[in-house]
Amino acid sequence: MAAPLTETAIDRLRELIASGTLLPGDRLPPESELAAQLGASRNTVREAVRALVTARVLDVRRGDGTFVTSLRPELLFDGIAFAAEMLQADYSLELIAVRRILEGAATGLAARNIDAEGLAQLRACLEQMRTAESHEVMVGYDEEFHAQVATAAGNATLASLLAGVSSQTIRARVWRGNVDRSVVARTISQHEDIVAALAAGDQELAEATATIHVATTEAWIRSTMAAGGWSTVPLKDRP
């Protein structure tokens, strides 16, 4: 945790950005001027800037100065994936439940917004899933499929949140396929249902099919944990 003086400087810098005094792409004033503006020492300002660089709010360009970043959701929410990786096993079900909620919402929105090109990309990705040489490769195309759906939803914040929580469930999906060979056919069938719902522009059906798709992984994790089999899943493969 930052020292109180640094926290105060961080808050004041955030206020300058939130109020529009500093806009995305703006260069910060020289350090001495910024210190006077914030009512803080130069050392404190340096600590505050470092903290906001870590948070992707500021960007230090060597020899050019310190700038406000684009403040785009995909940039600011980039740390969610790291935070998800730090979650203990007790929270595995909570994490995938969050993915289930977000995935359904994103797919429902995509049904309203997706165009012919977006559908073509999803069908191409689905075909790559069908012809993948291994389950692990197929899961990679699965991830790409859902990223394309999230993009089609037209909500960058939702897509960024979903990318952050989904990354930690990929390893569990790979492990599940390794122990249950019937998963591949079922997964492809569920993706076909999602594409069909999107093509029909049926928002409720699209949301339901995506929710069911994620819920099958959630149910597998829940049953595996209940049966005591979760201890056999390597730590690196757990969500």
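The values are calculated or read from the model by the stated rules, or taken from the named source; none is laboratory data. All values derive from a computational prediction rather than experimental measurement. Note that we place each Cβ from the backbone using ideal geometry, even for glycine, and neighbour counts take in every protein chain shown. When the accessible area is computed, the model is the full protein with side chains, heavy atoms only, and any ligands, DNA or RNA have been set aside. Shrake-Rupley method; radii C 1.70, N 1.55, O 1.52, S 1.80 Å.
Can you tell me the accessible area per residue over the stretch 27-149, all protein chains present, probe 1.4 angstrom, in square angstrom? Mind dumping the intermediate values first?
Working: 6760 Å² over 123 residues.
Here the per-residue accessible area is 55 Å².
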Next on the checklist: For Cα pairs less than 8 Å apart in space and 6+ apart in sequence, what is the mean separation divided by the residue count of the stretch 1-154, i.e. the relative contact order in percent?
Outcome noted: 18
Next on the checklist: Can you pull out the trypsin sites (Lys or Arg not before Pro) in the stretch 1-104 whose DSSP state is coil and whose Cβ has at most 14 other Cβ atoms within 10 Å?
Outcome noted: ARG62
Checklist outcome for this item: Note to self: C-alpha centroids of the stretch 182-207 and the stretch 22-90 sit apart, in Å, by 41
Checklist entry - When the Kirkwood hydrodynamic radius is evaluated over all pairs of different C-alpha atoms of the stretch 36-122, what value in angstrom, to one decimal, is obtained? => result 16.9
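When the helix-only estimate is applied to the chain (DSSP H runs of n ≥ 4, each -39,500 (n - 2.57), divided by the residue count), what is the mean residue ellipticity at 222 nm, nearest 500 deg cm²/dmol?
-22500 deg cm²/dmol
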Item to check | Cβ-derived FRET efficiency at R0 22 Å, GLU31 paired with GLU7, nearest 0.05 | outcome: 0.75
Checklist entry - Cα-Cα pairs above 26 Å in the chain: how many percent? => result 50
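Give the carbon-plus-sulfur fraction of the accessible surface of the chain in %, rounded to a whole number; probe 1.4 Å, heavy atoms of protein chains only.
Details: 6810 of 12520 Å².
Carbon and sulfur: 54 percent of the exposed surface of the chain.
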Checklist outcome for this item: For the stretch 1-54, the Cα-Cα pair-distance distribution in 5 Å bins from 0, as whole percents, is 4, 22, 33, 28, 10, 2
